[in-house]
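S.K.: Next up is a structure, given as structure tokens.
Each reported figure results from applying straightforward, stated rules to the coordinates on display, with no laboratory input. Keep in mind that this is a model prediction, so the values were computed, not measured. With ideal geometry, Cβ positions are generated from the backbone for all residues, glycine too; neighbour counts draw on all protein chains shown.
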Amino acid sequence: MISRIKTFVKTQRYIKHNFPDELLLFKGKHVTNNANQSIMYFTVHRCASQFILNILRQCAADTGMTYVNIASYFWRGGKLYGGNTDDVFKRLGYIYGPFYGLDREEFTLSIPKFDDFKILLMLRDPRDVLTSYYFHHAYELYDNPAKEGFVEERSRETLSKTIDEWVIDKSTVFRDRYRTYLSTFADKPNVFVSKYEDMIRDFNTWLDSLQKFMHINVSAKTLSSIMQKTDFCTAKEDVKAHKRQVVPGDHMRKLKKETISHLNSEFKEILETLKYPISEE
């Protein structure tokens, strides 16, 4: 009992210190005079979300917008919200995200009117996502008092299967997640569908496209700082590192041919829509 109380107190202190804007929003007390159209950032796990989060956070600070990370707030132990989501998702002055899906497992609040926002949808080859997610679940342990024991149990459960068994088991969830994303957001004028591989291949062009889409006046100093800090190199693959492998096509190096064939079939429509190759060689 004492241990639980200590964990609760530690969690609440962490939330109060790291999520002041989220707390004020949920209480209906956050106010901004910023007139930029709000932006919502959707993605999938293992798609450089923390890297892009930091870019958006710098853009928000530079333009006077407020960055709100609701998913991290909940993951870190923030209380679930039962009020009117119109009080949380405001049309002007905010950048929200990352959100990792539109299903209830990942998007815990009522879906707002997406047409009122600019939507950044960042996706990656789903076969590489699953491959990377296996290593993340299996080896990447980190301190989170609100999830005490959960991460360790998740690691044991993941390691009880081979990587091929695990990605096949999870493939349906991600197939449905991608399908929902594309059916909801594809071809909408307020949506920027971006690919992880394009960002890795030509970061400067990708950043320029992102800035133009967001239609916010980011200073040259901030853009220069972002570009200078960008590094997609990994000297040596470390299965326990958050940035384990950034080179596209990792599923070809880690999975059996039969597994790749299964994923190609499972994601065929999605791969074609996003113009990913479907080779098994």
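S.K.: Can you pull a Stokes-Einstein diffusion coefficient for the range 1-94 at 4 °C (1.567 mPa s), Rh from Kirkwood over Cα pairs, as a whole number of µm²/s?
M.R.: For the chosen part, D equals 88 µm²/s.
S.K.: In the range 47-117, what trypsin sites (Lys or Arg not before Pro) fall in a loop by DSSP, with at most 10 other Cβ atoms inside 10 Å? Let's see the in-between values first.
M.R.: On the way: sites: Arg57, Arg76, Lys79, Lys90, Arg91, Arg104, Lys113; in loops: Arg76, Lys79, Lys90, Arg91, Arg104, Lys113.
Those satisfying the criteria are Arg104, Lys113.
S.K.: Counting only residues 5 or more places away or on other chains, whose amide H sits under 5 Å from the amide H of Ile119 once H atoms are built in the peptide plane?
M.R.: Sorted by chain and number, the residues that satisfy this are Met40, Val191, Phe192.
S.K.: Per-residue HN-Hα couplings for the range 273-278, Karplus 6.51 cos²θ - 1.76 cosθ + 1.60 at θ = phi - 60°, whole Hz, x for Gly and Pro?
M.R.: 4, 8, 6, 9, x, 10
S.K.: Checking the table Lys90/Lys221; Lys118/Lys170; Lys118/Lys221; Lys195/Lys229; Lys188/Lys212 against a 18 Å threshold on Cα-Cα, which pairs fail?
M.R.: Lys90/Lys221; Lys118/Lys170; Lys118/Lys221; Lys195/Lys229
S.K.: Please compute the alpha carbon radius of gyration of the chain, then divide it by the globular-protein estimate 2.2 N^0.38 Å. Two decimals is fine.
M.R.: Compared with the compact-globule rule of thumb, the chain sits at 1.03.
S.K.: Rounding to the nearest 20 debye, state how big the charge dipole of the range 1-98 is about its Cα centre with +1 on each Lys and Arg Cβ and -1 on each Asp and Glu Cβ.
M.R.: In debye, rounded to 20, the range 1-98 gives about 540.
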